[in-house]
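Worksheet: the structure to be examined is printed underneath.
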Amino acid sequence: HRHLLGIKGLTEHDITYLLDKADEAVQISRQREKKTSTLRGLTQINLFFEASTRTQASFELAGKRLGADVMNMSVGNSSVKKGETLIDTAMTLNAMHPDVLVLRHSSAGAAALLAQKVACSVVNAGDGQHEHPTQALLDALTIRRAKGKLSRIIVAICGDVLHSRVARSNILLLNAMGARVRVVAPSTLLPSGIAQMGAEVFHSMEEGLKDADVVMMLRLQRERMSGSFVPSVREYFHFYGLDAEKLKAAKEDALVMHPGPMNRGVEIASEVADGPQSVIEQQVEMGVAVRMAVMETLLLSQNQGPRSEGVHA
Ligand code: CP
């Protein structure tokens, strides 16, 4: 149990442990002196095969605030460009004795594969359409801090659920914590078996947002769509884009969330993205805290004394 590969397999206790630890890390990030020596002497390598702003920056800052040595592997300038495989790249880095590899990759299961090969911890920073566990944890922390709890909260996850690892990890986590999860999308943007995952399905924003405590918008991932179904932006925004009018269906104090990057005017209007109910910037802040909590839990449990029960493969 050295790795964080997904939310699947984590218990309510594991998630609560990580969120409590992340709450403490928020305070560290708000201090003037942000650097601690918790992970001093340990080495973290960020290996991002897909583009990222939030996840890569927050993993880097999280490691630095814990006192680790952090290296960002520049995949675009690496021997990956000469055809070196993921595994060969990872084994090369593994020979330099890192303590944790943070991986983002376009293939589902890439982090799990790596975890079988390398000697260090592996953290999944997003693998294809599979999971993005630290995103779900930071979303949960944002909701818990605003609403005081996760159980029985109604969360409407809206938009391109089909291509979304964020949606998948969130559905798993919110169910584990006793929240009520809805998905709101056209049937063409829903994966098969979504109801069995524990989400109530809606095709209308008005119905799906009714009495929701949280409205979580997803990016329309047009780069993952092939010719058969690429919706027109105008039509998509008309039916599924969140604007002030559609938001009225949710509770008056509903949170507006988006994992980023946002397509303004596609899945979300600026009036709500920048409006009083938006917690999108808080999500980013919680991202650093959650990643600090995850790395501290994984790395200290290996290097010092008894393991926490927090994180599983
Ligand atoms: N939410 C998220 O994963 O954003 P990035 O792709 O910018 O890391």
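The values are calculated or read from the model by the stated rules, or taken from the named source; none is laboratory data. Note that the structure is predicted; figures quoted are calculated from it, not measured. As a convention, Cβ positions derive from the backbone with ideal geometry for all residues, glycine included, and neighbour counts pool all protein chains shown.
Select from the stretch 274-297 the residues that are without any contact (Cβ under 8 Å) to a residue 24 or more places away in the chain and within 16 Å of the ligand (Cβ to nearest atom) and write down the one among them that is surrounded by the fewest Cβ atoms within 10 Å (Cβ to Cβ).
Here is the first cut: in the stretch 274-297, the ones without any contact (Cβ under 8 Å) to a residue 24 or more places away in the chain are 274, 276, 278, 281.
Next, only the ones that are within 16 Å of the ligand (Cβ to nearest atom) stay: 278, 281.
Values: S278: 18, E281: 11.
Among residues in the stretch 274-297 that are without any contact (Cβ under 8 Å) to a residue 24 or more places away in the chain and within 16 Å of the ligand (Cβ to nearest atom), the one surrounded by the fewest Cβ atoms within 10 Å (Cβ to Cβ) is E281.
Taking the stretch 53-79 as the range and being at pLDDT below 95, in a helix (DSSP H, G or I) and either within 14 Å of the ligand (Cβ to nearest atom) or in contact with a Leu (Cβ under 8 Å, 6 or more places away or on another chain) (or both) as the test, only V75 passes. Residue-level check: of (1) over 17 Å from the mean Cα position of the chain (by Cα); (2) within 13 Å of the ligand (Cβ to nearest atom); (3) among the acidic types (D, E), E50 misses just (1). In the stretch 150-167 there is at least one residue that is within 15 Å of the ligand (Cβ to nearest atom) and touching a Pro at 6+ places or on another chain (Cβ under 6 Å). Filtering the stretch 143-196 down to residues that are outside any loop (DSSP other than H, G, I, E, B) and free of Cβ contacts under 8 Å to residues at least 12 places away in the same chain, which residue is surrounded by the most Cβ atoms within 10 Å (Cβ to Cβ)? So, considering only residues that are outside any loop (DSSP other than H, G, I, E, B) and free of Cβ contacts under 8 Å to residues at least 12 places away in the same chain, the one surrounded by the most Cβ atoms within 10 Å (Cβ to Cβ) is A195. A195 - would you say it is under 22 Å from the mean Cα position of the chain (by Cα) and over 21 Å from H132 (Cβ atoms)? In short, yes.
Taken together, the criteria exclude K34 from residues that are outside any loop (DSSP other than H, G, I, E, B), free of Cβ contacts under 8 Å to residues at least 40 places away in the same chain and either away from the ligand (no atom under 16 Å from the Cβ) or within 19 Å of R2 (Cβ to Cβ) (or both).
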